[in-house]
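Below: the structure, in structure tokens.
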Amino acid sequence: MPAAYQIRVYEKQQLLHSAEVSDPVEIGRQFDDNEPLYCQSTSAGRHRYVVARLNELNISRQHVLLESAGEDRIRLTNLSKNRPVHVPGSTLRPNAAAAEFTLPLVLTMGEKSLRIQTPAAEEPPFSSLAEATRPPGQLDKGSARFATLRLAAGGAVAVEEVIRWLETALEVMQSAANSSDFFAKAAEAVVELVGLDSAIVLLLQGDAWKSVANHSVACLVGSRSRQPSQRILNRVRDEKRTFWQLQSPSPREDASLTGIQAVVTAPILDRAGRVIGALYGDRQTRFPTASSSITKLDAMLVELLARGVASGLARLDQEKALVRLEQFFTPDLAHQLVTRPELLEGRDAHVTVLFCDIRSFSAITERLGPRKTVEWIGNVMEVMSDCVLSQRGVVVDYIGDELMAMWGMPQEQSDHAELACSAALDMLGQLPKLNERWQSVLGQPMDLGIGINSGLSRVGNTGSSRKLKYGPLGKGVNLASRVQGATKYLRVKVLVTGDTQAQLGSRFHTRRLCKVRVVNMAEPADLYEVRPPHNPEWLELQRGYSEALDSFERRDFPAVVQSLGNLLQAFPDDGPSLVLLSRAVNCMVQPPADFDVVWELPGK
């Protein structure tokens with residue numbers, strides 16, 4: 001039986017398959033995994049065409065029946081027991097009577113859309129370039145398609161002409177960086193360089209094509225009334241290739257092409273490879289000659305110019321996105337997010353997170369007032385941010401008087417823990433300069449508390465579609481925040497977890513202070529202090545405190561008191577020693593019934 005319909009299957013506006021099927025035909029999903037997808041079979045006098053896999057439950061196994069209802073007419077019957085069939089302006093409910101429609105027709109079942117029309121043999125005879133057009137920014141190193149211009153036997157191209165063509169294509173690409181009329185330049189280039197009579201730049205808006213620029217030779221200016229051929233535009237949209245017409249079709253095949261000797265269309269793609277527009281040109285010569293035909297070289301030049309338009313649009317979109325992202329991110333991170341948008345989708349990664357808090361912020365701001373507070377906090381955050389950036393970190397957020405930073409993403413950094421600790425020590429190194437500038441204004445010296453943790457987090461856009469926030473989420477981030485809070489209870493400036501300390505080299509001075517359980521987190525964590533290097537007294541302090549901590553964890557509280565009493569004579573201001581001494585004395589005064597070395601922190 002001869003073919004009755006051409007069916008094109010789409011999902012999310014992407015063409016999945018095109019086939020010719022016979023009448024009548026039943027359409028649905030697989031009966032089982034062995035039934036071929038996009039294949040016509042015949043049973044009991046009825047043809048069957050499968051458009052969905054077995055697990056696509058929003059399409060029934062037997063969903064819709066197509067039958068001829070006369071010339072350019074089709075009858076649809078919904079075979080599904082519980083799924084509708086949607087057509088423009090109408091919905092076929094389950095168990096409803098059959099309905100007739102005029103071709104071409106688009107019907108929707110679940111996530112699939114089907115365009116049904118008369119067979120493709122009735123379409124005008126178009127030719128196309130063999131390869132699909134590449135999106136902007138994608139190079140095919142294995143293709144030499146534009147490496148050498150070859151014409152038919154006897155043809156010749158002057159080197160100067162080739163250079164002029166390429167220069168003009170380059171101008172179209174570059175004009176997008178500083179001009180809003182590069183669409184017009186592209187249309188003009190098609191007419192002047194390829195030698196067509198007129199050209200149009202069209203953008204795809206939904207299913208409709210909208211003209212945004214056009215250009216014609218002098219004798220045709222103002223005379224265009226014919227609309228571009230929808231058939232060739234739809235072929236370009238579906239197949240993402242450049243098409244041209246070798247000979248004129250008859251009027252009944254495509255009225256929009258009547259009187260036109262030749263037409264060529266190339267797709268304009270975005271970076272994701274989606275068709276967003278087309279560069280369309282034609283020849284309207286009244287007296288056709290051999291020279292009025294479109295050649296493959298003509299089509300290649302039109303595609304080159306269309307790719308120039310695509311590159312210009314991609315560049316403009318990138319620049320707009322960069323400006324928008326730089327409102328929230330550092331220039332380097334903004335550039336990475338623009339060039340690698342997949343980073344925003346989120347991924348699991350091992351990172352190190354730092355929280356830096358300004359001590360006594362509320363009391364200071366009460367004295368300063370709003371205007372001076374903004375000036376002060378802005379200066380402090382700028383200095384702290386520079387410390388993060390100098391150690392190749394990402395400034396994730398400013399939360400009132402707190403800065404949050406991250407290492408290990410978006411670029412992998414094997415030394416992310418060391419970089420974070422180096423940034424923390426740099427911040428401490430900036431305190432004297434900040435106090436020199438602000439102490440007379442603040443009425444007191446300012447101080448910092450810094451908490452750091454390393455571990456697995458989910459990294460991506462942790463904000464919303466309205467306001468992006470690139471950074472980490474997860475238990476490890478919460479722990480880093482709690483560790484920063486613990487600096488107040490242990491009276492130190494920089495604390496890191498055991499997971500971070502395990503990744504630090506010998507150049508960092510660290511000492512284990514205690515094991516704590518922070519608020520709202522059941523699993524205890526070891527906390528380590530990090531001190532700036534080049535301190536000749538560090539080893540004595542580290543050794544003395546370590547001995548006292550070992551005695552405490554063995555429940556030898558008198559030994560703790562003795563060790564720390566001696567240590568505090570040399571280091572009277574050592575906060576952790578004072579805290580551990582207080583805990584030991586409390587245990588001696590009121591011996592706990594069930595001693596636990598884990599310290600339950602009283603707050604955040």
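The values are calculated or read from the model by the stated rules, or taken from the named source; none is laboratory data. In this text, all values refer to a predicted model and were calculated from it rather than measured experimentally. Cβ atoms come from the backbone with ideal geometry, glycine included; neighbour counts cover every protein chain shown.
The table for this structure:
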read-out: Filtered residue count, region 1-60, keeping only those that are without any contact (Cβ under 8 Å) to a residue 60 or more places away in the chain, farther than 17 Å from L105 by Cα and not in a strand (DSSP E or B); value: 22
read-out: R359 vs. criteria of a type in the set (K, R) and in contact with a helix residue (DSSP H, G or I) (Cβ under 9 Å, 6 or more places away or on another chain); value: yes
read-out: Unmet criterion (only one of (1) outside the structural domain of D238 (by TED's automatic domain parsing); (2) outside any strand (DSSP E or B)) for I74; value: (2)
read-out: Test result for P410, touching a Leu at 6+ places or on another chain (Cβ under 6 Å), assigned by TED's automatic domain parsing to the domain that holds G471 and either not acidic (D, E) or not in a helix (DSSP H, G or I) (or both); value: yes
read-out: Residue check, K467 in contact (Cβ under 8 Å) with a residue 24 or more places away in the chain, in contact with a strand residue (DSSP E or B) (Cβ under 8 Å, 6 or more places away or on another chain) and assigned by TED's automatic domain parsing to the domain that holds A349; value: no
read-out: Tally, over region 454-468, of residues that are among the hydroxyl-bearing types (S, T, Y) and surrounded by 23 or more Cβ atoms within 10 Å (Cβ to Cβ); value: 2
read-out: Qualifying residue in region 469-480 (condition: closer than 18 Å to E418 by Cβ, of a type in the set (V, I, T) and surrounded by 20 or more Cβ atoms within 10 Å (Cβ to Cβ)); value: no
read-out: Breaking point among (1) modelled with pLDDT of 90 or more; (2) not in a helix (DSSP H, G or I); (3) not aliphatic (A, V, I, L, M), for G505; value: (1)
read-out: Some residue of region 554-568 being assigned to a helix (DSSP H, G or I), touching a Pro at 6+ places or on another chain (Cβ under 8 Å) and in contact (Cβ under 8 Å) with a residue 24 or more places away in the chain; value: no
read-out: Test: residue in region 107-128 that is more than 39 Å from the chain's Cα centre (by Cα), modelled with pLDDT of 90 or more and closer than 24 Å to K12 by Cα; value: no
read-out: Selection within region 514-529 - modelled with pLDDT of 95 or more and of a type in the set (A, V, I, L, M); value: L527
